[in-house]
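Here's the structure, in structure tokens; my notes come after.
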Amino acid sequence: MEFNALQTETLRQVDDALHHIRAKDRLRQRLQEIIGNNFAAVESGYQKKFQELRELMGGTPSELIGNTRAMQEVERQVRQIASSDAVVLIRGAAGTGKEHTARTLHRMSERASGPFVILNCDSLNAGEGFNSLESELFGYERGAFTGATARHLGKAEQANGGTLFIDEVGSLPLAAQTKLLQFLQDRRFSRLGSNIFQNANIRIIASTGKDLEILMQQGLFREDLYYRLNIFQIKLPELSQRKTDILLLADHFIAKMNLKYGKKIQRLSTPAIDMLMSYHWPGNVRELENCIEHACLATTDVSINAYDLPPTLQTDVTSGTSLIPEGPASLSTLLRSYEKEILMEALRKNNGNLSAAGRDLQVSPRMMHYKVNKYGIEVQE
């Protein structure tokens, strides 16, 4: 029930109680029942909505977004393996959503109430001390090496009872791979500088954007580590392979940016949709989110227009929908392009009705006819 309707119904019940119940104690009891019954459901609904908003803003996924066959298969695999503690290897190009998928696995598992901790292998060095695999994964005691002035808990200890996500495992140097393999086999560790061993009560999820099979052939990735990690594999498709999911993802990101920046953006214009659908998306879902965030900040309207999208999309020659021609463009060329899009968007909002579009734009019928003929825009009256 909408809040206004609920408020009206509550006041009606209160008024009825005031008219028909004479005893003060019975009246007080009845009013408490009315308030409690009517607003308990509202409180529960608000709590659920607040949780959804927290997840949306915090990047915690509520679901995997996509209707394509490839994404339906990913969702099926996630649901199949989520309740297990088996090691999962998520593969996919940069920006395809490997961390998002790992978080979804964690959230759907029995460890959902535990921590989700990320070990980023790209940031680790091949030596010892700070930023080495051992110091980041196992932690260290004060004085364990030069510069270790205080105890530091490693990722394995931080993730106790939850999930450890080893991101971009293909970036690990061979020496670090050996240490990781031993940890995966024993599930025991000790902080650097300590002789006390701890058992790791964690679920392991790893990811890679690299071709591990080629790295093994080149002697750059251990085969035994590969087989330890590749117990259950999930392959994420690139965005260019799931184009029909682009608009679903764009709507999701618009909702997220509306909350983040206090916007009220409702839709994408037709030219903007054409541009999103024609672009090749080398940066995958991450690039799409960045583009939508840029557009949400750029627009002053309730819709995102093609000229609100980043220049990387507007100047894309392969799209066939670029507003700005290849090479330098004059101001008059840009103005004509923008004017045409504004006219097309007004017509789209009014189902192609020229008169209604003209009223929205405060343009006379004579001028509207002139403009649509000038740009070769088809209209209906």
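Details
- Failed criterion for R203 (all others in (1) within 30 Å of the chain's Cα centre (by Cα); (2) at pLDDT below 95; (3) among the basic types (K, R) hold): (2)
- Annotation: G262 fulfils all but one of (1) modelled with pLDDT under 95; (2) on the phi < 0 side of the Ramachandran plot; the unmet one is (2).
- Residue in segment 271-279 that is buried (at least 22 other Cβ atoms within 10 Å of the Cβ) and over 19 Å from E339 (Cβ atoms) present: yes
- Positions within segment 213-248 being open to solvent by 10 Å² or more (accessible area, probe 1.4 Å), touching a residue at least 60 places away in the same chain (Cβ under 8 Å), closer than 22 Å to N305 by Cα and of a type in the set (A, V, I, L, M), in sequence order: L248
- Residues in segment 104-121 that are open to solvent by less than 70 Å² (accessible area, probe 1.4 Å) and either under 14 Å from the mean Cα position of the chain (by Cα) or of a type outside the set (A, V, I, L, M, F, W, C) (or both): T104, H106, S109, R111, G114, P115, N120.
- Test: L343 is of a type in the set (A, V, I, L, M, F, W, C), surrounded by 15 or more Cβ atoms within 10 Å (Cβ to Cβ), at pLDDT 70 or above and within 20 Å of L276 (Cα to Cα): yes
- Checking each residue in segment 221-240 for being among the polar types (S, T, N, Q) and either more than 18 Å from the chain's Cα centre (by Cα) or in a loop (DSSP other than H, G, I, E, B) (or both) picks out N230, Q233.
- Selection of segment 335-371 for residues being among the hydroxyl-bearing types (S, T, Y) and part of a helix (DSSP H, G or I) yields S337, Y338, S355, Y370.
- Segment 359-376 residues that are in contact (Cβ under 8 Å) with a residue 24 or more places away in the chain, paired with ones that are open to solvent by less than 90 Å² (accessible area, probe 1.4 Å) and assigned to a loop (DSSP other than H, G, I, E, B) (beta carbon under 7 Å, 6 or more apart): V372/V379
- Of the residues making up segment 261-270, those that are part of a helix (DSSP H, G or I) and surrounded by 14 or more Cβ atoms within 10 Å (Cβ to Cβ) number 1.
- Residue match in segment 299-315 (condition: modelled with pLDDT of 90 or more, over 20 Å from the mean Cα position of the chain (by Cα), acidic (D, E) and buried (at least 16 other Cβ atoms within 10 Å of the Cβ)): yes
- From L174, L181, residue being surrounded by 15 or more Cβ atoms within 10 Å (Cβ to Cβ) and not charged (D, E, K, R): L181
- Segment 288-317 residues that are on the phi > 0 side of the Ramachandran plot and in a helix (DSSP H, G or I), paired with ones that are at pLDDT below 85 and not charged (D, E, K, R) (beta carbon under 6 Å, 6 or more apart): none
- Checking segment 198-210 against the condition returns no match, with no residue being open to solvent by 30 Å² or more (accessible area, probe 1.4 Å) and either part of a helix (DSSP H, G or I) or over 30 Å from R107 (Cβ atoms) (or both).
The values are calculated or read from the model by the stated rules, or taken from the named source; none is laboratory data. Keep in mind the model is a prediction, meaning the values are calculated, not measured. Glycine also receives a Cβ, built like all others from the backbone with ideal geometry; neighbour counts cover every protein chain displayed. Heavy atoms of the whole protein, side chains included, go into the accessibility calculation; ligands, DNA and RNA do not. Shrake-Rupley method; radii C 1.70, N 1.55, O 1.52, S 1.80 Å.
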